[in-house]
Amino acid sequence: MAIMTLLEAIRSALDYELGRDPNVLVFGEDVGFNGGVFRVTEGLQKKYGEKRVFDTPLAESAIVGISIGMSINGLKPIGEIQFDGFTYPAFDQLISHASRMRTRSRGKFNCPLVVRAPYAGGVHAPEHHSESPEVFYAHVPGLKVVVPSTPADAKGLLLSAIRDPDPVIFFEPKKLYRTAKGEVPDGDYTVPIGKARLVKEGKDMSIITWGVMVSVCEEAARQLAQTGVDVEIIDLRTIAPYDVATVLATAQKTGRVMIVHEAPRTCGFSTEIAAQISEKALYYLKAPILRVTGYDTLMPLYKMENFYLPNIEKILFTAKKLMEH
Amino acid sequence: MKVKKVTLKKISKDTLGSAKRLRSKSRSRSAKTRYEISQEQFTITPLQLLREDGTTAGKFTLLSAEQIKSMYRFMVLSRAFDDAALKLQRQGRLGTYGSVRGQEASQVGSAFALQKEDWLVPSFRENASCITRGMPMKGLFQYWGGDERGHAYTESMTTLPLSIPIATQLLHGVGLALALRYKGQKNAVLAHVGDGGTSEGDFHEALNFAGVFKAPIVFLVQNNQWAISVPRKKQTAATTIAQKAIAYGFTGVQVDGNDIFAVYGAVSAALEKARSGAGPTLIECVTYRISDHTTADDAKRYRNQEEVDAWVKKDPLDRLKKYMLQQKMWDAKKEELLQQEAATLVSAHVRSYEEEPASDPKDMFAFTFASMTPQLLEQYQSFLDVSGKKRDPNILEKVEGGFP
């Protein structure tokens with residue numbers, strides 16, 4: 001097992017699958033010669049040639065639109081959208097076609113494509129480069145949405161995404177690209193889509209989170225442990241479809257639930273999680289479900305992003321309120 | 001309109017030639033008027049082979065008599081389907097429907113040019129193209145009747161479902177075309193869009209991608225003059241739609257869209273060019289939508305009857321029939337038999353559509369993903385509960401909790 005960054009793990013998954021399946025293509029703006037703005041795809045064009053790994057014109061709708069045609073015609077396209085906020089021009093293709101082709105044709109055609117995009121904030125980027133749009137896509141029937149938080153998961157989930165028979169949006173937490181390091185299993189290693197990860201067991205309260213926030217919650221849990229609060233952390237890993245069973249199990253076990261995500265609060269994915277728990281595990285709860293999220297504001301430019309983003313301070317403050325019940 | 005010669009080679013030469021002329025024209029003037037390129041420098045010569053009186057410049061040799069009769073048959077079938085669909089809609093037996101009346105030459109002629117392994121990427125108003133391609137009328141009635149199983153009837157695997165969003169499907173065509181080339185298949189894609197669709201961003205992204213990657217695709221714009229109530233002149237300031245191709249680095253061709261020979265000839269040549277690796281072509285079919293935009297529209301509100309009457313005189317079915325009569329390959333008896341065949345066939349398909357047992361609501365859940373997610377399983381069970389149906393014992397155990 002090699003030690004890799006999250007970025008290297010994604011590259012190793014792309015490399016592995018390009019080597020394994022001749023129908024896999026990797027493309028997008030700058031992904032070829034330059035290896036992507038974050039260098040995720042560095043070296044892949046040199047290794048697999050311009051036929052397999054190539055640059056496209058600057059047009060997000062087209063990157064997803066051609067992916068749809070390619071996937072219908074038997075290829076496995078992996079299109080990269082350069083930043084989370086630039087998935088919006090491709091929104092129409094994703095919700096009007098990629099997600100519907102199977103239903104529309106009663107299973108005759110489907111779109112097993114992957115759209116990769118760097119995701120979320122904390123790297124001092126310009127506007128539209130730090131957004132957390134997972135809930136838009138999670139709301140669309142027919143799309144799967146995945147957010148890894150460790151290098152091993154990044155590889156395992158990406159390989160699953162590429163082999164998945166349905167369209168998958170794969171959001172890569174850009175802050176973790178080079179800061180998250182860990183062991184990554186060699187060779188063919190997959191992590192199933194739709195299964196959450198138990199990051200840390202605990203008995204007093206549960207934190208449900210994903211993406212960059214997993215490591216923030218881990219640090220908060222270490223600090224809470226010093227005050228005698230034993231926190232259980234669940235990394236959702238897949239936003240759609242998400243692992244309700246694990247969510248309910250942890251809620252039933254600890255009776256106190258906090259949900260942490262970067263996206264704005266109203267209709268954020270925490271809303272769905274809280275609703276499920278209240279429908280199915282209400283009588284196990286010792287306290288109201290509390291949330292630490294972005295505010296219902298636009299993601300601010302970077303001088304203000306630290307005020308906006310959930311952090312340890314906000315998590316500790318909320319944990320205290322949760323434990324008072 | 002100028003009448004051109006009628007062999008495939010000639011058409012091919014003409015269609016490609018027009019681009020060459022345009023290019024050299026632009027180049028020769030560019031020295032003088034480097035910053036003042038006018039639209040006149042991008043003129044497109046329209047292609048017409050079959051005049052409105054059914055005559056041609058010579059005998060049409062590109063198609064055999066049998067092929068011409070087959071084309072005419074598809075046009076007649078399409079019109080009979082269209083008439084039936086409009087009646088069914090008025091009787092409440094079909095949902096909102098978009099008529100193709102007047103555009104049969106453009107649709108049948110272009111679809112007829114396809115080989116079996118070529119792909120057809122239809123817009124929403126593409127019933128005649130789909131019928132020509134082998135999609136059973138029953139399936140089309142089902143689709144417009146609100147039953148998704150209609151699209152599962154696509155006989156040819158290489159025809160995409162109708163696309164209700166505008167121009168988005170052109171990108172799917174580019175993707176299909178790139179996949180064909182990647183797999184080493186020598187086939188091409190024909191993707192349809194209307195004049196309104198040329199204003200959409202995806203139209204331009206599709207043409208741009210196709211030009212950059214030299215994708216084996218033919219974009220066919222059915223310029224039927226109206227996008228609901230917005231006339232072609234308010235859709236674009238360009239003199240022709242065909243000339244837009246030049247900005248993307250490939251050839252644009254304008255044809256008389258009510259002349260099935262011109263449509264067939266131009267599309268055949270463009271598909272052949274695409275199959276040979278020479279890249280995309282944009283074809284503008286100048287035609288007219290005789291009916292309303294859909295059954296939910298009233299075209300009388302925004303266009304005058306004189307305009308419609310003038311176009312009715314250019315009816316593509318009449319024109320081909322006149323030609324066939326002049327060439328002695330058709331007569332009144334054959335016409336009567338064909339009309340009878342069309343009526344019988346359409347009735348049979350209407351019956352079959354109306355007798356089809358209702359869909360199983362499970363399909364709604366089953367086709368969202370390759371397999372049902374836990375959420376969908378649970379919601380399906382809840383649907384069964386609420387409608388007093390027995391739970392599905394095979395999936396019951398997989399569901400935790402309950403959907404209230």
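The values are calculated or read from the model by the stated rules, or taken from the named source; none is laboratory data. What you see is a predicted model; the values in this text were computed from it and never measured. We place every Cβ from the backbone using ideal geometry, glycine too, and count neighbours over all the protein chains shown. Keep in mind that these areas ignore ligands, DNA and RNA; they rest on the heavy atoms of the full protein, side chains included. Shrake-Rupley method; radii C 1.70, N 1.55, O 1.52, S 1.80 Å.
Pick out the one residue from A:GLY28, A:GLY65 that is open to solvent by less than 10 Å² (accessible area, probe 1.4 Å), at negative phi and at pLDDT 95 or above.
Details: A:GLY28 fails: at negative phi.
Of A:GLY28, A:GLY65, the one residue that is open to solvent by less than 10 Å² (accessible area, probe 1.4 Å), at negative phi and at pLDDT 95 or above is A:GLY65.
Can you tell me which residue is surrounded by the most Cβ atoms within 10 Å (Cβ to Cβ) among those in the range B:324-346 that are touching a residue at least 40 places away in the same chain (Cβ under 8 Å) and farther than 14 Å from B:SER70 by Cβ?
Looking at the filtered set, the residue picked out is B:VAL346.
Of the conditions (1) farther than 24 Å from B:LEU190 by Cα; (2) modelled with pLDDT of 70 or more, B:ARG34 fails just one. Which one is it?
Among (1) farther than 24 Å from B:LEU190 by Cα; (2) modelled with pLDDT of 70 or more, the lone unmet condition for B:ARG34 is (2).
Pick out the one residue from B:PHE81, B:PHE112 that is open to solvent by less than 40 Å² (accessible area, probe 1.4 Å) and touching a residue at least 40 places away in the same chain (Cβ under 8 Å). Spell out the reasoning first.
Working: B:PHE112 fails: open to solvent by less than 40 Å² (accessible area, probe 1.4 Å).
Result: B:PHE81 is the single residue among B:PHE81, B:PHE112 that is open to solvent by less than 40 Å² (accessible area, probe 1.4 Å) and touching a residue at least 40 places away in the same chain (Cβ under 8 Å).
Collect the residues in the range B:361-370 that are touching a helix residue (DSSP H, G or I) at 6+ places or on another chain (Cβ under 6 Å) and more than 8 Å from chain A (Cβ to nearest Cβ), keeping them in residue-number order.
Once the filter is applied, which keeps residues that are touching a helix residue (DSSP H, G or I) at 6+ places or on another chain (Cβ under 6 Å) and more than 8 Å from chain A (Cβ to nearest Cβ), the range B:361-370 yields only B:PHE365.
Can you confirm whether the range A:227-237 contains a residue that is among the small types (Gly, Ala, Ser) and surrounded by fewer than 24 Cβ atoms within 10 Å (Cβ to Cβ)?
Looking for residues that are among the small types (Gly, Ala, Ser) and surrounded by fewer than 24 Cβ atoms within 10 Å (Cβ to Cβ), one finds at least one in the range A:227-237, hence yes.
Can you spot a residue in the range A:245-252 that is open to solvent by less than 10 Å² (accessible area, probe 1.4 Å) and either polar (S, T, N, Q) or within 24 Å of B:ALA366 (Cα to Cα) (or both)?
Checked the range A:245-252: at least one residue is open to solvent by less than 10 Å² (accessible area, probe 1.4 Å) and either polar (S, T, N, Q) or within 24 Å of B:ALA366 (Cα to Cα) (or both).
Check B:ALA167 against each of (1) more than 17 Å from A:ARG100 (Cβ to Cβ); (2) more than 8 Å from chain A (Cβ to nearest Cβ) and name the one condition it does not meet.
Unmet for B:ALA167, out of (1) more than 17 Å from A:ARG100 (Cβ to Cβ); (2) more than 8 Å from chain A (Cβ to nearest Cβ): (1).
I'm told A:ALA138 meets every condition in (1) more than 22 Å from A:LEU75 (Cβ to Cβ); (2) within 14 Å of chain B (Cβ to nearest Cβ); (3) buried (at least 21 other Cβ atoms within 10 Å of the Cβ) except one. Can you identify the failing condition by its number?
Condition (3) is where A:ALA138 drops out.
Which one is farthest from the other protein chains (Cβ to nearest Cβ), of the residues in the range A:83-108 that are in a loop (DSSP other than H, G, I, E, B) and open to solvent by 10 Å² or more (accessible area, probe 1.4 Å)?
Step one: filter the range A:83-108 for residues in a loop (DSSP other than H, G, I, E, B), giving A:83, A:99-100, A:105-108.
Next, from what is left, pick out any that are open to solvent by 10 Å² or more (accessible area, probe 1.4 Å): A:83, A:100, A:106-108.
Numbers: A:PHE83: 18, A:ARG100: 9, A:ARG106: 4, A:GLY107: 5, A:LYS108: 5 Å.
Across the range A:83-108, the extreme among qualifying residues is A:PHE83.
Of all residues in the range B:195-229, count the ones that are among the hydrophobic types (A, V, I, L, M, F, W, C) and within 20 Å of B:GLU126 (Cα to Cα).
Quick first cut of the range B:195-229, residues among the hydrophobic types (A, V, I, L, M, F, W, C) only: B:203, B:206-207, B:209-210, B:212-213, B:215, B:217-221, B:226-228.
The next check asks that each one be within 20 Å of B:GLU126 (Cα to Cα); those that pass are B:203, B:206, B:217-221, B:226-228.
Counting residues in the range B:195-229 that are among the hydrophobic types (A, V, I, L, M, F, W, C) and within 20 Å of B:GLU126 (Cα to Cα) gives 10.
From B:GLY134, B:GLY139, B:GLY194, B:GLY184, grab the single residue that is more than 9 Å from chain A (Cβ to nearest Cβ), small (Gly, Ala, Ser), under 22 Å from B:HIS293 (Cα atoms) and free of Cβ contacts under 8 Å to residues at least 40 places away in the same chain.
Details: B:GLY134 fails: under 22 Å from B:HIS293 (Cα atoms); B:GLY194 fails: free of Cβ contacts under 8 Å to residues at least 40 places away in the same chain; B:GLY184 fails: under 22 Å from B:HIS293 (Cα atoms).
Only one candidate passes the filter, namely B:GLY139.
For the range B:248-270, give me each residue that is open to solvent by 10 Å² or more (accessible area, probe 1.4 Å), assigned to a helix (DSSP H, G or I) and among the aromatic types (Phe, Trp, Tyr).
B:TYR264
Output the residues belonging to the range B:202-228 that are more than 11 Å from B:GLY175 (Cα to Cα), surrounded by fewer than 23 Cβ atoms within 10 Å (Cβ to Cβ) and within 11 Å of chain A (Cβ to nearest Cβ).
If the condition is that a residue be more than 11 Å from B:GLY175 (Cα to Cα), surrounded by fewer than 23 Cβ atoms within 10 Å (Cβ to Cβ) and within 11 Å of chain A (Cβ to nearest Cβ), then B:HIS204, B:ASN208, B:GLY211, B:VAL212 are the ones that fit.
Considering every residue within the range B:84-96, establish whether at least one is surrounded by 22 or more Cβ atoms within 10 Å (Cβ to Cβ), within 17 Å of the chain's Cα centre (by Cα) and closer than 20 Å to B:LEU345 by Cα.
Among the residues of the range B:84-96, not one is surrounded by 22 or more Cβ atoms within 10 Å (Cβ to Cβ), within 17 Å of the chain's Cα centre (by Cα) and closer than 20 Å to B:LEU345 by Cα, which makes the answer no.
In the range A:206-223, which residues are surrounded by 24 or more Cβ atoms within 10 Å (Cβ to Cβ) and touching a residue at least 60 places away in the same chain (Cβ under 8 Å)?
Once the filter is applied, which keeps residues that are surrounded by 24 or more Cβ atoms within 10 Å (Cβ to Cβ) and touching a residue at least 60 places away in the same chain (Cβ under 8 Å), the range A:206-223 yields A:ILE207, A:ILE208, A:TRP210, A:GLY211, A:VAL212, A:MET213, A:VAL214, A:CYS217, A:ALA220.
For a quick check of your reading: which helices (runs of 4 or more DSSP H) sit entirely within the range B:115-196 and have at least 2 residues that are open to solvent by 10 Å² or more (accessible area, probe 1.4 Å) and more than 27 Å from B:ASP83 (Cβ to Cβ)? I'd like the intermediate steps shown before the answer.
Details: elements: B:127-132, B:137-144, B:149-152, B:169-182.
The helices (runs of 4 or more DSSP H) meeting that bar are B:169-182.
Identify, please: which residue in the range A:109-135 is open to solvent by 10 Å² or more (accessible area, probe 1.4 Å) and among the aliphatic types (A, V, I, L, M) and is, among those, nearest to the chain's Cα centre (by Cα)?
A:VAL135
Out of the residues in the range B:353-369 that are of a type in the set (A, V, I, L, M, F, W, C) and closer than 30 Å to A:VAL168 by Cβ, which is surrounded by the fewest Cβ atoms within 10 Å (Cβ to Cβ)? Give the derivation first.
Filtering the range B:353-369 down to residues of a type in the set (A, V, I, L, M, F, W, C) leaves B:358, B:364-367, B:369.
Then keep just the ones that are closer than 30 Å to A:VAL168 by Cβ; that gives B:364-367, B:369.
Details: B:MET364: 16, B:PHE365: 21, B:ALA366: 18, B:PHE367: 22, B:PHE369: 23.
The qualifying residue surrounded by the fewest Cβ atoms within 10 Å (Cβ to Cβ) is B:MET364.
Give the residues of the range A:284-315 that are within 22 Å of A:VAL231 (Cβ to Cβ) and exposed (fewer than 14 other Cβ atoms within 10 Å of the Cβ), sorted by residue number.
If the condition is that a residue be within 22 Å of A:VAL231 (Cβ to Cβ) and exposed (fewer than 14 other Cβ atoms within 10 Å of the Cβ), then A:LYS286, A:PRO288, A:GLU313 are the ones that fit.
Please go through the range A:37-82 and give me each residue that is among the aliphatic types (A, V, I, L, M) and more than 7 Å from chain B (Cβ to nearest Cβ), ordered by number. So that I can check it myself, show each step before the final result.
First, pick out the residues of the range A:37-82 that are among the aliphatic types (A, V, I, L, M): A:37, A:40, A:44, A:53, A:58-59, A:62-64, A:66, A:68, A:70, A:72, A:75, A:78, A:81.
Within the range A:37-82, A:VAL37, A:VAL40, A:LEU44, A:VAL53, A:LEU58, A:ILE63, A:VAL64, A:ILE78, A:ILE81 meet the criteria.
Kindly establish whether B:ARG391 is farther than 30 Å from B:ALA227 by Cβ, part of a helix (DSSP H, G or I) and open to solvent by 30 Å² or more (accessible area, probe 1.4 Å). Before the answer, list the steps.
Numbers: farther than 30 Å from B:ALA227 by Cβ: yes; part of a helix (DSSP H, G or I): no; open to solvent by 30 Å² or more (accessible area, probe 1.4 Å): yes.
Taking the combined requirement at face value, the residue does not satisfy it.
Could you grab me the full set of residues in the range A:91-128 that are among the aliphatic types (A, V, I, L, M) and under 18 Å from A:PHE170 (Cα atoms)?
Within the range A:91-128, the subset among the aliphatic types (A, V, I, L, M) is A:94-95, A:98, A:101, A:113-115, A:117, A:120, A:123, A:125.
Those that are among the aliphatic types (A, V, I, L, M) and under 18 Å from A:PHE170 (Cα atoms): A:LEU94, A:ILE95, A:ALA98, A:LEU113, A:VAL114, A:VAL115, A:ALA117, A:ALA120.
Every residue, every condition in (1) in a helix (DSSP H, G or I); (2) more than 25 Å from B:GLY58 (Cα to Cα), yes or no:
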site	(1), (2)
B:LYS233	yes, yes
B:THR240	no, yes
B:ILE246	yes, yes
B:GLU272	yes, no
B:GLY277	no, yes
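Can you pull out the residues in the range B:142-161 that are facing chain A (nearest Cβ under 9 Å) and under 14 Å from B:HIS192 (Cβ atoms)?
Residues satisfying the conditions are B:LEU160, B:PRO161.
Find all pairs meeting these conditions: Cβ atoms under 9 angstrom apart; at least six residues apart or on different chains; first residue within the range B:371-383 and facing chain A (nearest Cβ under 10 Å); second residue part of a helix (DSSP H, G or I) and of a type in the set (Ser, Thr, Tyr).
B:MET372/B:TYR380
Criterion first (more than 14 Å from chain B (Cβ to nearest Cβ) and either more than 30 Å from B:TRP144 (Cβ to Cβ) or in contact with an Asp or Glu (Cβ under 8 Å, 6 or more places away or on another chain) (or both)) does A:ARG116 satisfy it? First the steps, then the outcome.
Values: more than 14 Å from chain B (Cβ to nearest Cβ): yes; either more than 30 Å from B:TRP144 (Cβ to Cβ) or in contact with an Asp or Glu (Cβ under 8 Å, 6 or more places away or on another chain) (or both): yes.
Here the answer is yes, as A:ARG116 does meet what is asked.
Can we say A:LEU158 is within 14 Å of chain B (Cβ to nearest Cβ), at pLDDT 95 or above and open to solvent by less than 10 Å² (accessible area, probe 1.4 Å)? Quick ask: steps written out before the conclusion?
Numbers: within 14 Å of chain B (Cβ to nearest Cβ): no; at pLDDT 95 or above: yes; open to solvent by less than 10 Å² (accessible area, probe 1.4 Å): yes.
No; evaluated as a whole, the condition is false for this residue.
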